[in-house]
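Take a look at the structure set out below.
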Amino acid sequence: MKPKRNQAGWRAAYLVIAALAALIAAGDHADARSRRSERSVESVESRIAGDPIMAIVSLQDQRITIYDANGWILRAPVSSGQRGRETPAGIFSVIQKEAEHYSNLYDDAYMPHMQRITWSGIALHGGPLPGYAASHGCVRMPFDFAARLFEDTRIGLRVIVAPTDVAPIEIVHRALLQPKPELGALAAARRAEADETAGKADQARIAAAKAYRESTQAAMPMRVAENLKRRAETQLAAAEAALGSATSPESKEQAERTKAQAVTRVAELQEQWTAAKAELQPKLDAVTAAREASVAAENARIAAAEAARQAARELEPVSVLISRKTQRLYVRKAFEPILESPVTIVDADRPIGTHIFTAMEQTNGGTGIRWSVVSLESSRPLVGTAEPHNPARVRRGREVEPTKTEPGSATAALDRIVIPQDVLDRIAGIAPRSSLIITDETLSSETGKGTDFVVLMSGEPQGGIKIRRRAPASEFPYARSRDRRPFWSPPFAGPFSTW
């Protein structure tokens with residue numbers, strides 16, 4: 001029996017050693033995979049990168065590419081939504097940024113450098129990359145890359161989630177909106193006026209302060225004369241009392257002399273007080289006038305500053321969306337709707353596609369603007385459901401350049417759009433980062449308070465957005481408080497959240 005027990009012991013030992021070896025190998029494999037992921041982050045080296053204008057996420061190739069006005073500047077692998085929780089393909093923008101974010105829904109999961117693109121909980125953030133689509137709908141990026149991107153981007157960054165990897169191309173067309181130079185001139189004039197009125201307000205405040213100091217100095221002689229006069233009047237009253245109580249001729253004579261001196265002193269001090277008051281009055285009048293002038297100048301400064309802000313707001317990026325499905329044109333600015341109107345689409349029964357035109361930079365001294373376009377096409381078979389057991393296709397996708405948008409379909413879409421002139425006149429001038437979206441789709445219900453246009457491609461899986469509840473437009477309860485509960489508290493403690 002002893003040899004058998006020894007054999008059984010050795011077998012158990014072998015199993016333990018094999019298990020430890022497997023764990024170590026798995027850890028080494030994970031570390032190597034992580035290092036490969038970080039190494040696969042690319043950045044443009046042939047030129048100085050500009051500010052990011054758009055991000056394109058390829059679901060098929062599991063890659064994100066960041067573009068400035070002159071081309072791509074950053075590129076990295078991602079892990080998007082898995083089967084049943086797919087990251088929805090469509091058009092989004094960054095609507096919130098939070099460096100430290102924790103999920104309420106998924107066991108307090110850490111989501112560093114979170115950049116939200118829907119209020120229902122789809123976001124870009126740092127996270128582990130297993131090499132295939134594995135998230136619950138968000139777009140995970142390498143941790144270092146997410147931190148770098150977080151520092152470079154701003155609220156409103158256009159985020160395009162594409163079924164395949166596609167790159168923008170420059171496009172010229174008469175239907176593309178152009179800047180209104182008069183708005184720039186008006187904004188410059190309003191800024192100059194605001195600066196001028198601010199200077200006048202500063203001068204008026206200084207003048208009011210100077211007048212007050214001068215009046216304070218002028219009031220000193222009057223206060224001194226008033227105090228001395230009050231003391232002399234006290235002495236006069238004492239002299240009168242002494243005179244009334246004097247019994248001998250000598251004491252009466254002395255009391256009368258004292259009273260006479262007190263009367264003279266009171267009269268002299270009354271003259272000094274009157275003269276000091278007369279000298280002070282113009283100073284007090286000057287203080288009143290200076291204060292009134294300062295108030296008027298401050299009101300003018302406030303009005304001019306507001307006018308300058310309004311003029312500058314006209315130069316902010318504007319988003320225009322034309323939906324074939326609703327036959328309407330929508331305009332939003334600074335995440336707020338400002339215009340909605342019917343629009344004519346030639347051959348409205350025929351599909352027009354989904355095209356995102358982006359104003360990249362001004363040309364000709366601000367009188368023109370460069371446009372680019374990205375056209376989205378549905379994938380066949382459906383993408384966004386990359387299989388974990390087949391990462392080879394994804395790795396190959398990271399090694400190839402994105403397919404450039406074909407200009408033909410985008411040009412054809414523009415040819416079919418007829419925007420009434422009165423509507424064109426009401427659309428503010430086009431500034432860099434402005435966009436024109438032409439699509440077969442209607443607005444997603446995700447479009448609401450605090451968002452730009454959100455468009456989902458109806459022919460693509462949307463599991464990652466369907467599993468989330470859309471909160472009322474007036475509330476955003478899923479924005480996680482920084483004062484979060486301790487990590488040891490139960491995962492379902494507190495109110496339930498959709499995030």
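A compact table of results
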item	result
Of K200/K333; K252/K277; K229/K259; K97/K325; K210/K277, those spanning more than 26 Å from alpha-carbon to alpha-carbon	K200/K333; K252/K277; K97/K325
Extension gain from I206 to R231, taking 0.36 nm per residue of separation minus the Cα-Cα distance	5.2 nm
Amide proton proximity set for A123, modelled H, under 5 Å, gap of 5+	I117, C138, V139
Share of carbon and sulfur in the accessible heavy-atom surface of segment 293-351 [1.4 Å probe, %]	55
Relative counts (whole %) of C-alpha pair distances in segment 89-230, using bins that are 5 Å wide	2, 7, 10, 11, 10, 7, 6, 7, 7, 6, 5, 4, 4, 4, 4, 3, 2, 1, 0, 0
Long-range HN-HN contacts of D68 with modeled amide H, under 5 Å	I53, I73
Long-range Cα-Cα pairs in segment 217-299 (distance over 20 Å), rounded percent	53
Residue-span extension gain [A188 to L176] - 0.36 nm each, minus C-alpha spacing	1.8 nm
Reciprocal of mean inverse Cα separation for segment 165-235 (Kirkwood radius, Å)	18.9
³J(HN,Hα), Karplus 6.51/-1.76/1.60, whole Hz, each residue of segment 338-347, x for Gly, Pro	10, 7, 9, 7, x, 9, 9, 10, 5, 6
Estimated FRET transfer efficiency when R0 is 41 angstrom, pair K277-I302 (beta carbons, to 0.05)	0.65
Gain in span if fully extended, Q270 to K252, counting 0.36 nm per residue against the direct Cα distance	3.8 nm
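The values are calculated or read from the model by the stated rules, or taken from the named source; none is laboratory data. Note that the coordinates shown come from a computational prediction; the quantities given were computed from them, not determined experimentally. Cβ atoms come from the backbone with ideal geometry, glycine included; neighbour counts cover every protein chain shown. Note: accessible area is taken over every heavy atom of the protein model, side chains too, but ligands, DNA and RNA are not part of it. Shrake-Rupley method; radii C 1.70, N 1.55, O 1.52, S 1.80 Å.
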